[in-house]
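First up is the structure itself, then whatever we jot down about it.
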Amino acid sequence: MAIKKKQPKKSTTKSARTTDDFDGVYLLKLALYVILGSLWIKISHGNSLSLPLPIGFLAGLAFSSHEHFQIDRKIEYAVLLVAMLVGYFAPYGLYISW
């Protein structure tokens with residue numbers, strides 16, 4: 001009778017490494033959406049008229065809808081929406097007064 005040789009076990013370090021790389025890319029992408037979603041352009045004329053435009057939110061929607069590697073579009077939209085609301089009340093962005 002022939003004895004079948006045992007196959008050596010494949011190492012799992014490669015799959016763990018790709019998972020770690022994937023997590024880092026996901027966190028970087030979420031950080032990008034937070035920064036991008038919080039950008040506003042606030043146009044004002046004197047003290048009477050103020051027009052805020054969520055330019056970062058619109059750019060983030062464009063990026064997330066045309067992205068090649070989509071992880072979960074609903075999560076990206078939620079992050080953009082929360083960042084947009086925080087960016088509206090935070091005192092940063094582009095202010096244009098004339």
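No lab work stands behind these numbers, since they all come straight from the coordinates. Quick caveat, the model's predicted, so the values are computed rather than measured. When we count neighbours, we look across all protein chains shown, and the Cβ atoms used for this are built from the backbone with ideal geometry, even at glycine.
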What are the residues whose amide H is under 5 Å from the amide H of residue 43, where those residues sit 5 or more places off or on another chain and H is modelled from the backbone?
51, 53, 96
Among 74-82, 42-50, how do they line up from the highest to the lowest mean number of other beta-carbon atoms within 10 Å?
74-82, 42-50
